[in-house]
Amino acid sequence: YIADRFSRKYTYIGYLLIAAMLVPLFAFVRDPNALLVIGPLVGFFGTGYFSGFSVITSELFPTALRGSAMGFVYNIGRVTSAAGPYLIGQFSEHGGLSAALCITSAAFLLAALIATALRLPAMDTSAEAAPSPRKDRKLCLTKKLGNRVDHSLLLVFADLGEDGQGEHFTSSAL
């Protein structure tokens, strides 16, 4: 709901900014009751932004390159984040854990700043923008397994649009 109401980009940025604010708060609070309240919020926003990552990155790349580009970007992030525990440990030795966690907050702020520069295509999610039923085309596929036919069907709906090119795809398995 929030992503449709305020856009995926701004929802993603919101998660990053809230995480950037909560991590230092969590790092410097000493009251156990406050930690019990702030801890789940840090977990929610500190990992919740990741659910928007796939949606946003999928819109950045052309369809022909999307799988390879998303895999590359995702795995570059994994490789660089592998240094995180080491760096946090090193900073903790010199400035304490609270100061080291503030570096995590800076990383969230940097990610939010980068996300503000993204130029995502505008997506109209209003009811008027929904594909009309007369333009939808159904394709039912069955899979042969030897002499048997697998009875599960895959239904693919495509809005062919005015130019005859597929623009909107959804699928479901029965």
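Computed quantities for the displayed model
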| read-out | value |
| --- | --- |
| Global geometry of segment 1-65, whether rounded, prolate or oblate, following the gyration tensor of its Cα atoms and the 1.5 cut on a/c | prolate |
| Using θ = phi - 60° and Karplus 6.51 cos²θ - 1.76 cosθ + 1.60, couplings along segment 88-100 (whole Hz; Gly, Pro as x) | 4, x, 5, 5, 5, 5, 9, x, x, 5, 4, 5, 5 |
| Per residue, in Å², the accessible surface of segment 1-84 once ligands and nucleic acids are set aside, probe 1.4 Å | 64 Å² |
| Full-stretch length increase - Ala34, Phe50 - with 0.36 nm per residue and alpha-carbon distance subtracted | 3.2 nm |
| Trypsin sites (Lys or Arg not before Pro) lying in DSSP loop within segment 1-68, provided at most 13 other Cβ fall within 10 Å | Arg30 |
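The values are calculated or read from the model by the stated rules, or taken from the named source; none is laboratory data. All figures in this text were calculated on a predicted structure; none of them were measured in a lab. Cβ: placed from backbone, ideal geometry, glycine included. Neighbour counts: every protein chain shown. Ligands, DNA and RNA are stripped out before the accessible areas are found, and what is left, the full protein with its side chains, is counted by its heavy atoms. Shrake-Rupley method; radii C 1.70, N 1.55, O 1.52, S 1.80 Å.
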